[in-house]
1. Would you check if Lys87 is surrounded by fewer than 17 Cβ atoms within 10 Å (Cβ to Cβ), of a type outside the set (S, T, N, Q), at pLDDT 95 or above and touching a Leu at 6+ places or on another chain (Cβ under 9 Å)?
2. Please name all residue pairs, on different chains or six or more residues apart, with Cβ atoms under 7 Å, provided the first residue is in the stretch 72-94 and is within 12 Å of Tyr51 (Cα to Cα) and the second residue is assigned to a helix (DSSP H, G or I) and of a type in the set (Ser, Thr, Tyr).
3. Name the residue that is modelled with the highest pLDDT, counting only residues in the stretch 70-84 that are surrounded by fewer than 15 Cβ atoms within 10 Å (Cβ to Cβ) and hydroxyl-bearing (Ser, Thr, Tyr).
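The values are calculated or read from the model by the stated rules, or taken from the named source; none is laboratory data. Computed from a predicted model, the values in this text were never measured in an experiment. Heads up, the Cβs are rebuilt from the backbone with ideal geometry, glycines too, and the neighbour counts pull from every protein chain shown.
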Amino acid sequence: MKKSFVLVGIASLVLALIGSVQPVHAAPLVALSTIQPGDLVRGVAFPAVYYYGRDGFRYVFPNDKTYFTWYNDFNTVKWISDADLAKIQIGGNATRSKNVCDWSRGNASLGHE
């Protein structure tokens, strides 16, 4: 019986803590209307970073290794609401590369590996 009360107490504490946790973001959210081709964007719920292409699609960096072949840090990433992020169609993946930018629908690359 005592064990049941302890488990219920722990479960209540965990649920209370989960309910009080708010998503943390490093920058204020910007409006979707302010996003321009060439911007880096991300939502609140997930850490994925996207390149917003001239074609109006978003291209995901599949991992940090790919991202860091393009950029040195995350200082220019703009945070948008998850609802706004969902309004931008996914165009594909950004691929590792280091030269001329060729963003196109499908995979986006910078020219060569």
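1. For Lys87, the condition - surrounded by fewer than 17 Cβ atoms within 10 Å (Cβ to Cβ), of a type outside the set (S, T, N, Q), at pLDDT 95 or above and touching a Leu at 6+ places or on another chain (Cβ under 9 Å) - is met.
2. Short answer, once both residue conditions are applied: Ala94/Thr66.
3. Checking each candidate, the answer is Thr76.
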